[in-house]
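Inspection log for the structure reproduced underneath, given as structure tokens.
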Protein chains: 2
Amino acid sequence: MRIDFQTSPETYRHWKIDIDGEVASLVMDVDEKGGLFEGYELKLNSYDLGVDIELNDAIQRLRFEHPEVKAVIMRSGNDRTFCAGANIRMLAGATHAHKVNFCKFTNETRNSIEDASEHSGQKYICLVRGTAAGGGYELALATDHIILSDDSSSSVALPEVPLLAVLPGTGGLTRVTDKRKVRRDLADVFCTIEEGIRGKRAVDWRLVDEAVPNSKIEEVTAQRAREFAAASDRPGDGPGVSLTPLERTFGEAHVKYSTVTLEIDRATGVATVSIAGPDDGAPASADDMLAQGAAFWPLRAARELDDAILHLRANEPEVAVLVMKTQGAPDAVLAYDAFLEANADHWLGREILHYWKRVLKRVDLTSRTLVAIIEPGSCFAGTLAELAFAADRSYMLIGGFEQDNRPEAALQLNGHNFGRYPMSNGLSRLETRFLGEPESIGAAQARSGEPLDAETADELGLVTFAFDDIDWEDEVRIFLEERASFSPDGLTGMEANLRFAGPETMETKIFGRLTAWQNWIFQRPNAVGEDGALRRYGTGRKPDYNRTRV
Amino acid sequence: MRIDFQTSPETYRHWKIDIDGEVASLVMDVDEKGGLFEGYELKLNSYDLGVDIELNDAIQRLRFEHPEVKAVIMRSGNDRTFCAGANIRMLAGATHAHKVNFCKFTNETRNSIEDASEHSGQKYICLVRGTAAGGGYELALATDHIILSDDSSSSVALPEVPLLAVLPGTGGLTRVTDKRKVRRDLADVFCTIEEGIRGKRAVDWRLVDEAVPNSKIEEVTAQRAREFAAASDRPGDGPGVSLTPLERTFGEAHVKYSTVTLEIDRATGVATVSIAGPDDGAPASADDMLAQGAAFWPLRAARELDDAILHLRANEPEVAVLVMKTQGAPDAVLAYDAFLEANADHWLGREILHYWKRVLKRVDLTSRTLVAIIEPGSCFAGTLAELAFAADRSYMLIGGFEQDNRPEAALQLNGHNFGRYPMSNGLSRLETRFLGEPESIGAAQARSGEPLDAETADELGLVTFAFDDIDWEDEVRIFLEERASFSPDGLTGMEANLRFAGPETMETKIFGRLTAWQNWIFQRPNAVGEDGALRRYGTGRKPDYNRTRV
């Protein structure tokens, strides 16, 4: 079964988007029978990857299709339960790789809520009536303002440790301490109380922003939404851009989109993603961009690359290396970048730039070896050059191949490489790369706009290796073979550490520290063994723990 | 077999300290037959926990016993090999808990090298002749200046990923990217080359500070040592303080020291560490402190607490909760604190303050639930109050127990609680605690010097719970029982995340991010399974990996 990350509101089974002027409601009403796999029912508004794929889609559409929406109210369609979190039977039955991938995607989705709030003038309010437990509370934590119904049955809880012997998997611990800045000992108490915390105490401990009697909660929520909306810089009217279905065809070993091709060689464990640059000039005006809509090259390429990466992660677990290539005219890419830069304050230009930022972060966080192959005819320029800087290594050809009359490989920088697309650590990819030699950033910046050939790029420290055509084939082949021979786990740990030098942010804490601990726990018999808590949940039998503290 | 963290130079089997005026040499010459356990030989200057226990002791003695030493040259007693890192057969045969504990202690030891350099005027130079591989290079990374012999057989390497399918376990990846700021793609190349990097290339990539021909290396090393020594503020002459053997007796379920008692209740999984405050006044002068030497209460208590924590970690793996208690006169603790503060610039006063900082960090990093029980007769004041702030939770008694005429419990703060003892994250424990309400730090500081009873401490947010004697016993008992019933792994992950809110440092990256990934990998069949790399190392058979990328 192929997991598909594309969906649209007409086919949602679990979410509903209601638009009322500048305020949208995102209503979670999970279809118990709508699980992605067999073997579990999505009771109590619990979720699996399928539910989150719809949420991710809804968040994207609110940004692109609804420029008029300035505040989003997240709420449950079920009055007794806000959300019970990730489905436990699903977790108990899933492979380790699926659990880890599921957590990564749900984390990225919650980050995208915070991104909409921070950068897109679209604030999120969470109305919690009933229980918000585990992933349910973590969903609330991703919003700007949590309103808890002040009654005897509404509560927030992170019961994972006492109940399931695992950690909250979508940033809960980090957001409790670092976003909501709950006092650490109170956080300790909170995370060990299965039934959670209610009312005033939840407010006093900073777990929620306000506790409101049920009789007034709709009124207060609407009022907060109006307040947030009033402070938004979104245009407040349409038209939006319809995120039409992607053009794509799946083959046995490839996926072809309009600008992106993903090819998979399962024998060698190498996948190649190729992105074609634009074949026309940038539009003349923002109105033209709006008129092009989802066909506008930067938006189309971002959506296709995003989908290709997600497909690779979820459906091709044995691919060790992702080779990144580009083809096209560098100048055309730069022209689109310049157009976007000129329209960075237009709501759609802004959305597209932030979307590229998120897609590039998704690349950084992909647990496969990333290598950029920079050959004749490629267009690693501006936005697309970021792929070379996201790579664990890059190989660039000096000169050309025999009987190949494509233009020699060139790297080309523009302003987008110097801060437009920060990584999770808050630095640009070049700042991260040159942490030890900040003067190299200036040297590279001074060459912005110039086509940099392989030897120049090598001197500037912008590529890992430059080889001529005599060595090229052997060097690249040996690297790919060698990489595929290493332990996938060792590489995952190594790359997760080497990619994010320098400062830490809540995001890097979630993906580095919290995720690594969770992955560790997801391997431990106390959680996933025959007698572990995940397997025994709901059986009436208590888990049997090995008591050794590690 | 009990692992003992106490040793002294007369009994070292693996290290030698040579003092030559203001420069010391720390010579690693591992006794192959001197392993802590059966089943492996410590070939090629490889190490196990026993080797590192001696190193830790040597670093401590250089600080306390040798105020004249301003620079330390770390070198090998073996001309062909600097150090081959952690012994692989030891790792392959060790339990998961031992591996993790071993890495934690070796990390703390390397941090103590950096602490001596940063705070104690004692700089470390590493002379690498032969191979410095894995943990061997990580040892070099902990020093201030790495001199590599420029010959065909000397190299630095982190071969763990290609060779063993694990990560460098003592901070290697983090120090490569964040301390030496090696470019991330070059770091990727470096970490996948089994044979390592030599000479000029190692300098160019910033892996070492200089590559020097063998004929000149002794001269250059001596010169660098003189340069570092010239910049040191250490006194340059004696006498030092002899770190005499600890007074301690081991019982079946306790260890008794002169000021510290550790009691272990294996049935409930609860250990209690009790620290007795000083029973005399602080000395009159720095000379008196020097004369008291290792008997000086703050130094004695720090050494005893340090040993008790290490003993607990290594030898009592099934203890879930560490209860921390104190007994004595708060004023006496405060008088010693005031004395140390007044002598903070005296070399010995400085050493003792930094040692307490390190011991408290060791407490923070101990993977057991930490709870402070603040009862009548206790002295949680100044330095000892930090134990309450290090705890995951604290319980304080309101009023007294019946028929107990000890003084009511009081917390008492002084300047030591506001920056003297930073945690690994660079913040004081109160700054970490009050990350979300910095005004509470000021409110607490305004009450410095006052005995704060339980209700006041509770209002100020300094304790988790205050109960009177009616509720006390049940509340504490229920907490201890509940905690011991949870999954040890879940608690380890939860506590590791909740304890270190706020900023990240190289230390928190090493203990949070890197360690968590390493622990994950240490569980994976690709490393530790029958066909995994650790088990197959040296057998001539290649490991057989499951290729799924997680």
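The values are calculated or read from the model by the stated rules, or taken from the named source; none is laboratory data. Keep in mind that this is a model prediction, so the values were computed, not measured. Methodologically, a virtual Cβ is constructed for each residue, glycine included, from the backbone with ideal geometry; neighbour enumeration extends over all protein chains shown.
Out of all the residues in the stretch A:461-497, which are surrounded by 14 or more Cβ atoms within 10 Å (Cβ to Cβ), β-branched (Val, Ile, Thr) and farther than 15 Å from A:Ala372 by Cα?
Of everything in the stretch A:461-497, just one residue is surrounded by 14 or more Cβ atoms within 10 Å (Cβ to Cβ), β-branched (Val, Ile, Thr) and farther than 15 Å from A:Ala372 by Cα, namely A:Thr492.
Given the conditions (1) touching a strand residue (DSSP E or B) at 6+ places or on another chain (Cβ under 7 Å); (2) more than 14 Å from chain B (Cβ to nearest Cβ), report the number of the one that A:Met396 does not fulfil.
(2)
Considering only the stretch B:210-243, state which residues are under 19 Å from B:Ile19 (Cβ atoms), of a type in the set (S, T, N, Q) and surrounded by fewer than 18 Cβ atoms within 10 Å (Cβ to Cβ).
Once the filter is applied, which keeps residues that are under 19 Å from B:Ile19 (Cβ atoms), of a type in the set (S, T, N, Q) and surrounded by fewer than 18 Cβ atoms within 10 Å (Cβ to Cβ), the stretch B:210-243 yields B:Gln223, B:Ser232, B:Ser242.
Is it the case that B:Asp345 is without any contact (Cβ under 8 Å) to a residue 40 or more places away in the chain and either among the acidic types (Asp, Glu) or closer than 30 Å to B:Phe102 by Cβ (or both)?
Yes; evaluated as a whole, the condition is true for this residue.
Taking A:Leu430, is it modelled with pLDDT of 95 or more and within 24 Å of B:Arg206 (Cα to Cα)?
yes
Would you confirm whether any residue within the stretch A:2-25 is touching a residue at least 60 places away in the same chain (Cβ under 8 Å), in contact with a Gly (Cβ under 8 Å, 6 or more places away or on another chain), part of a strand (DSSP E or B) and surrounded by fewer than 19 Cβ atoms within 10 Å (Cβ to Cβ)?
yes
Going by what's in this entry, would B:Val323 be described as part of a loop (DSSP other than H, G, I, E, B) and either touching a strand residue (DSSP E or B) at 6+ places or on another chain (Cβ under 8 Å) or on the phi > 0 side of the Ramachandran plot (or both)?
No.
Can you name every one of the helices (runs of 4 or more DSSP H) wholly within the stretch A:475-550 that holds 2 or more residues which are aliphatic (A, V, I, L, M) and under 22 Å from B:Ala484 (Cβ atoms)?
A:525-528, A:533-536
Quickly run through the stretch B:498-512 and pick out the residues that are under 18 Å from B:Leu370 (Cα atoms), modelled with pLDDT under 95 and more than 17 Å from the chain's Cα centre (by Cα).
Hit for the stretch B:498-512 is B:Ala501, nothing else.
Within the stretch A:182-238, track down each residue that is touching a residue at least 24 places away in the same chain (Cβ under 8 Å), touching a Ser or Thr at 6+ places or on another chain (Cβ under 7 Å) and in a helix (DSSP H, G or I).
A:Asn214, A:Ile217 - these are the residues of the stretch A:182-238 that are touching a residue at least 24 places away in the same chain (Cβ under 8 Å), touching a Ser or Thr at 6+ places or on another chain (Cβ under 7 Å) and in a helix (DSSP H, G or I).
Given (1) part of a loop (DSSP other than H, G, I, E, B); (2) more than 10 Å from every other protein chain (Cβ to nearest Cβ), where does B:Arg175 come up short, assuming only one miss?
Failing condition for B:Arg175: (1).
Given the structure, is B:Asp150 touching a Ser or Thr at 6+ places or on another chain (Cβ under 8 Å), modelled with pLDDT of 95 or more, surrounded by fewer than 21 Cβ atoms within 10 Å (Cβ to Cβ) and away from chain A (no Cβ under 14 Å)?
Details: touching a Ser or Thr at 6+ places or on another chain (Cβ under 8 Å): no; modelled with pLDDT of 95 or more: yes; surrounded by fewer than 21 Cβ atoms within 10 Å (Cβ to Cβ): yes; away from chain A (no Cβ under 14 Å): yes.
Here the answer is no, as B:Asp150 does not meet what is asked.
Working carefully through the options A:Gly415, A:Gly377, find the one that is over 27 Å from the mean Cα position of the chain (by Cα), in the same structural domain as A:Glu495 (by TED's automatic domain parsing) and in contact (Cβ under 8 Å) with a residue 24 or more places away in the chain.
A:Gly377
So for the stretch B:448-463 (the condition being within 25 Å of A:Pro162 (Cβ to Cβ), in contact with a helix residue (DSSP H, G or I) (Cβ under 6 Å, 6 or more places away or on another chain) and within 12 Å of another protein chain (Cβ to nearest Cβ)), does at least one residue qualify?
So the first thing to find is which residues in the stretch B:448-463 are within 25 Å of A:Pro162 (Cβ to Cβ), and the list is B:458, B:461, B:463.
Filter again for in contact with a helix residue (DSSP H, G or I) (Cβ under 6 Å, 6 or more places away or on another chain), leaving B:461, B:463.
Those still in the list that are within 12 Å of another protein chain (Cβ to nearest Cβ) too: B:461, B:463.
For the stretch B:448-463, residues within 25 Å of A:Pro162 (Cβ to Cβ), in contact with a helix residue (DSSP H, G or I) (Cβ under 6 Å, 6 or more places away or on another chain) and within 12 Å of another protein chain (Cβ to nearest Cβ): present.
Identify the single condition in (1) surrounded by fewer than 21 Cβ atoms within 10 Å (Cβ to Cβ); (2) part of a helix (DSSP H, G or I) that B:Leu427 does not satisfy, given that it satisfies every other one.
(2)
Could you tell me whether B:Arg180 is surrounded by fewer than 24 Cβ atoms within 10 Å (Cβ to Cβ), over 19 Å from B:Gly130 (Cα atoms) and either among the β-branched types (Val, Ile, Thr) or within 14 Å of another protein chain (Cβ to nearest Cβ) (or both)?
yes
Of B:Ala314, B:Ala286, B:Ala294, B:Ala267, which residue is assigned by TED's automatic domain parsing to the domain that holds B:Arg368, in contact with a His (Cβ under 7 Å, 6 or more places away or on another chain), farther than 21 Å from B:Ile374 by Cα and of a type outside the set (Val, Ile, Thr)?
Unique residue meeting the criteria: B:Ala286.
From the set of residues in the stretch B:483-526 that are without any contact (Cβ under 8 Å) to a residue 24 or more places away in the chain and more than 7 Å from every other protein chain (Cβ to nearest Cβ), which is farthest from A:Gly493 (Cα to Cα)?
Result: B:Ser485.
Would you please name the residue that is surrounded by the most Cβ atoms within 10 Å (Cβ to Cβ), looking only at residues in the stretch B:527-542 that are touching a residue at least 24 places away in the same chain (Cβ under 8 Å) and more than 9 Å from chain A (Cβ to nearest Cβ)?
B:Leu534
Taking the criterion of being within 13 Å of chain B (Cβ to nearest Cβ) and either modelled with pLDDT of 95 or more or closer than 19 Å to A:Glu54 by Cα (or both), would at least one residue in the stretch A:123-132 satisfy it?
Within the stretch A:123-132, none of the residues are within 13 Å of chain B (Cβ to nearest Cβ) and either modelled with pLDDT of 95 or more or closer than 19 Å to A:Glu54 by Cα (or both).
Would you mind stating whether A:Ala92 is among the aliphatic types (A, V, I, L, M) and modelled with pLDDT under 95?
Working: among the aliphatic types (A, V, I, L, M): yes; modelled with pLDDT under 95: yes.
Spelling it out, A:Ala92 is indeed among the aliphatic types (A, V, I, L, M) and modelled with pLDDT under 95.
Any idea which of B:Arg175, B:Arg183 is among the basic types (Lys, Arg) and over 23 Å from B:Phe511 (Cβ atoms)?
From the options B:Arg175, B:Arg183, the qualifying one is B:Arg183.
Check whether at least one residue in the stretch B:184-199 is of a type in the set (Lys, Arg) and facing chain A (nearest Cβ under 8 Å), and report yes or no.
Yes, there is a match, as at least one residue in the stretch B:184-199 is of a type in the set (Lys, Arg) and facing chain A (nearest Cβ under 8 Å).
Among the candidates A:Asp57, A:Asp79, A:Asp31, single out the residue that is closer than 20 Å to A:Ile125 by Cα and touching a Lys or Arg at 6+ places or on another chain (Cβ under 9 Å).
A:Asp79
Taking the residues in the stretch A:288-326 that are among the charged types (D, E, K, R) and under 21 Å from A:Thr244 (Cα atoms) as candidates, determine which candidate is surrounded by the most Cβ atoms within 10 Å (Cβ to Cβ). Reasoning before the result, please.
Taking the stretch A:288-326 as the starting set, the residues that turn out to be among the charged types (D, E, K, R) are A:288, A:300, A:303-304, A:306-307, A:313, A:316, A:318, A:325.
From what's left, under 21 Å from A:Thr244 (Cα atoms): A:288, A:300, A:303-304, A:306-307.
Details: A:Asp288: 12, A:Arg300: 21, A:Arg303: 23, A:Glu304: 25, A:Asp306: 22, A:Asp307: 20.
So the residue we want is A:Glu304.
Anything in the stretch B:161-172 that is free of Cβ contacts under 8 Å to residues at least 60 places away in the same chain, within 7 Å of chain A (Cβ to nearest Cβ) and surrounded by 23 or more Cβ atoms within 10 Å (Cβ to Cβ)? List them, or say none.
Of everything in the stretch B:161-172, just one residue is free of Cβ contacts under 8 Å to residues at least 60 places away in the same chain, within 7 Å of chain A (Cβ to nearest Cβ) and surrounded by 23 or more Cβ atoms within 10 Å (Cβ to Cβ), namely B:Val161.
Can you confirm whether A:Ile373 is of a type outside the set (Phe, Trp, Tyr) and over 17 Å from A:Thr456 (Cα atoms)?
Numbers: of a type outside the set (Phe, Trp, Tyr): yes; over 17 Å from A:Thr456 (Cα atoms): no.
When the stated conditions are applied, A:Ile373 does not pass them.
If I go through the stretch A:26-57 residue by residue, how many of them are part of a helix (DSSP H, G or I), within 22 Å of the chain's Cα centre (by Cα) and not aliphatic (A, V, I, L, M)?
5
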